[in-house]
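The values are calculated or read from the model by the stated rules, or taken from the named source; none is laboratory data. Bear in mind that the values here come from a model prediction, so they are computed numbers and not experimental data. Because the Cβ atoms are built from the backbone with ideal geometry, glycine has one as well, and the counts that use them run over all protein chains shown.
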Amino acid sequence: MAKKKSFFKTYGFIIFMLAGIVGGCIVGALNPVVKDASGEIIDKGATVLEPIGTVFINLMFCVVVPMVFCSIASAIANMSSAKRAGKVMGLTVGTFFVTAAIAAVIMYVIVRLCPVVTGDYTIVEGEVSSTLSVTDMIINFFTKPDFGELWSRKAILPLIIAAVFFGFGIQMTGGKDSMVARFLDNLTAVLMNVVKIITYYAPIGFFGFFAYLVATYGPDLIGDYSRTLIIYYVLCFAYMFVFFPIYARFGGGKGGAKVMWKHLFRPAAVSFGTCSSVATIPTNLEVAEETGISKEVSNIVVPLGATMHMDGSAMSAIIKVAFLFGIFGMDFGTGQAILAIIVAVFSSVAMSGIPGGGGTGELVLCTLFFPDQLAVAFPIALAIGNLVDPPATMVNAAGDYVVSFIVERFVNGKDWLQKKLAKDGEKKIEA
């Protein structure tokens, strides 16, 4: 009897989440959106269930924004020294860029071997109101003109930068012994408990969200973009199943991949279901703690990863560019590929935390590669971006947890996981 309770306690919530996802997919497939010949919606189908999923996402966003600030500021403030905090951040950002570049190169190789465009497309022109200059993008990505504007999920990267400055400010004013450091540490713990309460609603929220997703995009998945979508979806899962274990093995040593698989499903499911790296932050922090990753690492890696870890977004950028090169009859050669990979890595910064990226990533790509066909290229890239958002976010956000293995190795030694497993084994023996 005890074993049954233990199994349910361990896997019960995962089962409920899976049930919500599968149930939503079935309802969405059976009740799709119906449109007339002119494209007007005559039956909303299962999209009427969208509010059920939106409630969960909104609840998460409301608690995640203060959590991001508190967790990063607290992690830096409570470190033994400012030098150690800088080391963790440097390793984190460096790892993000390396894995994103690997992902982008892999996607380029795949689209060269399996072209995403094989026939002629009838393209309908769209309109773009204005383009963003490089200066404007830099300003908007990293700063906000008013303090109040920081407290928004649309300003996660500026908020993170503010939290970093605040954390180092505390380091210079007493560090972990200061009242502010202790307050932030306690407040972060409180917010994590609030997240646990909200998470009980997750299976219901997933049901509504997936019913909406399948009802809305189901027809498009077998339409003109099907080849592109199939290649992207397959590669995302292949990347997760092949490269995530490699990263976990490198970061955690022997047994690293096994431990990762034990915890990976939860952040993968939440990110796939919400299409938001930011909304996955609480789950990533939970599984990182369960894995044995130190809070000084996870509290920096995970929030930073929500806006800067972009393997899925980098792959998405490459396949969008490849698709547009194909429909415009242009050769996606080596020269363009190098530039595309660089742009894919940098253009994804600060966009993976927002569902769909707000179109900013697509606008950056189209402005750089297709300035003369912008009105045509942008709506096509935007459509692809919306359709590949779930797996892209899954790779982005679940990868944040995996990358924490690597950072933990360089911060606390390559045998950190073995020490954790040995300690757990001793506790079981004592029990």
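Taking the stated definitions as given, is residue 378 at pLDDT 75 or above, part of a helix (DSSP H, G or I) and hydrophobic (A, V, I, L, M, F, W, C)? Criteria not met by residue 378. For region 232-243, filtered to residues that are of a type outside the set (Phe, Trp, Tyr) and buried (at least 21 other Cβ atoms within 10 Å of the Cβ), the residue that is farthest from residue 400 (Cα to Cα) is 235.
So, residue 384, is that one buried (at least 19 other Cβ atoms within 10 Å of the Cβ), in contact with a Lys or Arg (Cβ under 7 Å, 6 or more places away or on another chain) and either under 27 Å from residue 252 (Cα atoms) or not hydroxyl-bearing (Ser, Thr, Tyr) (or both) or not? So residue 384 fits the description; yes. Quick check, is residue 288 touching a helix residue (DSSP H, G or I) at 6+ places or on another chain (Cβ under 7 Å), farther than 29 Å from residue 422 by Cβ, surrounded by 24 or more Cβ atoms within 10 Å (Cβ to Cβ) and not polar (S, T, N, Q)? For residue 288, the condition - touching a helix residue (DSSP H, G or I) at 6+ places or on another chain (Cβ under 7 Å), farther than 29 Å from residue 422 by Cβ, surrounded by 24 or more Cβ atoms within 10 Å (Cβ to Cβ) and not polar (S, T, N, Q) - is not met.
One residue stands out among those in region 94-152 that are at pLDDT below 70 and of a type in the set (Gly, Ala, Ser): the one that is surrounded by the fewest Cβ atoms within 10 Å (Cβ to Cβ), which is 129. In the set (1) over 18 Å from the mean Cα position of the chain (by Cα); (2) touching a residue at least 60 places away in the same chain (Cβ under 8 Å), residue 34 fails one condition alone, (2). Only a single criterion out of (1) crowded, with 20+ Cβ neighbours inside 10 Å; (2) in a helix (DSSP H, G or I); (3) in contact with a Gly (Cβ under 9 Å, 6 or more places away or on another chain) is not satisfied by residue 251, namely (3). Checking 428, 419 one by one, the residue that is more than 25 Å from residue 218 (Cα to Cα), of a type in the set (Lys, Arg), surrounded by fewer than 18 Cβ atoms within 10 Å (Cβ to Cβ) and at pLDDT below 70 is 428 and no other. Considering every residue within region 291-301, establish whether at least one is under 17 Å from the mean Cα position of the chain (by Cα), surrounded by 21 or more Cβ atoms within 10 Å (Cβ to Cβ) and closer than 30 Å to residue 320 by Cβ. Yes, region 291-301 contains at least one residue that is under 17 Å from the mean Cα position of the chain (by Cα), surrounded by 21 or more Cβ atoms within 10 Å (Cβ to Cβ) and closer than 30 Å to residue 320 by Cβ. Note on region 31-89: residues that are outside any helix (DSSP H, G or I), under 30 Å from residue 200 (Cα atoms) and not polar (S, T, N, Q) total 3.
Of all residues in region 253-270, those that are more than 18 Å from residue 242 (Cβ to Cβ) and touching a residue at least 12 places away in the same chain (Cβ under 8 Å) have Cβ atoms under 7 Å from Cβ atoms of residues that are assigned to a loop (DSSP other than H, G, I, E, B) and not polar (S, T, N, Q), 6 or more apart or on another chain, in 253/414; 253/415.
Taken over region 387-399, the criterion of being in contact with a Leu (Cβ under 8 Å, 6 or more places away or on another chain) and either within 12 Å of residue 267 (Cα to Cα) or among the β-branched types (Val, Ile, Thr) (or both) is satisfied by 388, 398.
Quick grid of which residues meet (1) within 24 Å of the chain's Cα centre (by Cα); (2) under 30 Å from residue 95 (Cα atoms); (3) of a type outside the set (Lys, Arg); (4) in a helix (DSSP H, G or I):
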| residue | (1), (2), (3), (4) |
| --- | --- |
| 169 | no, yes, yes, yes |
| 198 | yes, no, yes, yes |
| 214 | yes, no, yes, yes |
| 231 | yes, yes, yes, yes |
| 236 | yes, yes, yes, yes |
| 273 | yes, yes, yes, yes |
| 276 | yes, yes, yes, no |
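Mind checking whether some residue in region 356-371 is modelled with pLDDT of 75 or more, out of contact with any Lys or Arg (no Cβ under 9 Å at 6 or more places or on another chain) and not in a helix (DSSP H, G or I)? Within region 356-371, one or more residues are modelled with pLDDT of 75 or more, out of contact with any Lys or Arg (no Cβ under 9 Å at 6 or more places or on another chain) and not in a helix (DSSP H, G or I).
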